[in-house]
1. If you average over every viewing direction, what projected area does the convex hull of the Cα atoms of the chain give, in nm²?
2. In deg cm²/dmol, rounded to 500, what helix-only [θ] at 222 nm does the chain give when every DSSP H run of at least 4 residues adds -39500 (n - 2.57) and the total is split over its residues?
3. Compute the length gained on full extension between residue 127 and residue 32: take 0.36 nm times their separation in residues and subtract their Cα-Cα distance, giving the result in nm to one decimal.
4. Just how far, in whole angstrom, is segment 109-146 from segment 36-100 if you go by their alpha carbon centroids?
5. Please list, in order, the residues from segment 51-80 whose amide nitrogen is less than 11 Å from a point placed 7 Å along the Cα→Cβ vector of residue 5.
6. Return the FRET efficiency for the residue pair residue 145, residue 53: r is the Cβ-Cβ distance, R0 is 22 Å, and the value is rounded to the nearest 0.05.
7. Ranked from highest to lowest mean number of other Cβ atoms within 10 Å per residue, what is the order of the peptides 10-21, 116-127?
8. At residue 39 and residue 106, where each label point lies 7 Å from the Cα along Cα→Cβ, what is the point-to-point distance in nanometres?
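Bear in mind that the values in this text are calculations on the coordinates, not laboratory data. Note that this is a predicted model, so its numbers are computed, not measured. Heads up, the Cβs are rebuilt from the backbone with ideal geometry, glycines too, and the neighbour counts pull from every protein chain shown.
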């Protein structure tokens with residue numbers, strides 16, 4: 001659908017990839033199709049801004065996304081799956097790894113500021129970090145760009 005009906009399909013696929021990676025990194029597994037809505041101008045579609053991002057802490061290991069990441073239906077909440085599917089989003093493996101590493105760096109660098117800005121207590125921070133935000137399962141099998 002994106003390749004056939006969206007404005008700037010390559011740009012749109014890159015943005016969708018970024019959103020999938022971000023959902024995995026923050027533990028948002030409720031990424032159903034309505035979270036990736038589109039504006040219709042009568043001719044083409046354009047992604048709406050991202051919304052309804054909700055980290056979901058968990059104590060279990062394996063997790064899946066609500067929507068398939070891969071064309072074969074794989075939904076594992078793992079960065080390695082994103083890299084394996086980079087071509088689906090018109091990205092090279094290197095471009096996919098660069099984007100993932102960029103997001104990882106931003107989350108690590110800005111987590112405390114974001115937690116402060118939203119008024120998270122120390123208990124909330126501890127609940128989210130590693131149990132939703134950058135859960136170890138997301139990193140299994142992933143090797144970065146650098």
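1. On the way: hull surface 36.5 nm².
The number I arrive at for the chain is 9.1 nm².
2. For the chain, the value works out to -13000 deg cm²/dmol.
3. Values: separation 95, 0.36 × 95 = 34.20 nm, distance 2.39 nm.
Difference between extended and current length: 31.8 nm.
4. Between the Cα centres of segment 36-100 and segment 109-146 lies a distance of 18 Å.
5. Inside the label zone: nothing.
6. Computed FRET efficiency for residue 145 and residue 53 comes out at 0.35.
7. Working: 10-21: 18.2, 116-127: 11.1.
Packing order, densest peptide first, comes out as 10-21, 116-127.
8. Label-label distance for residue 39 and residue 106, simple model: 2.0 nm.
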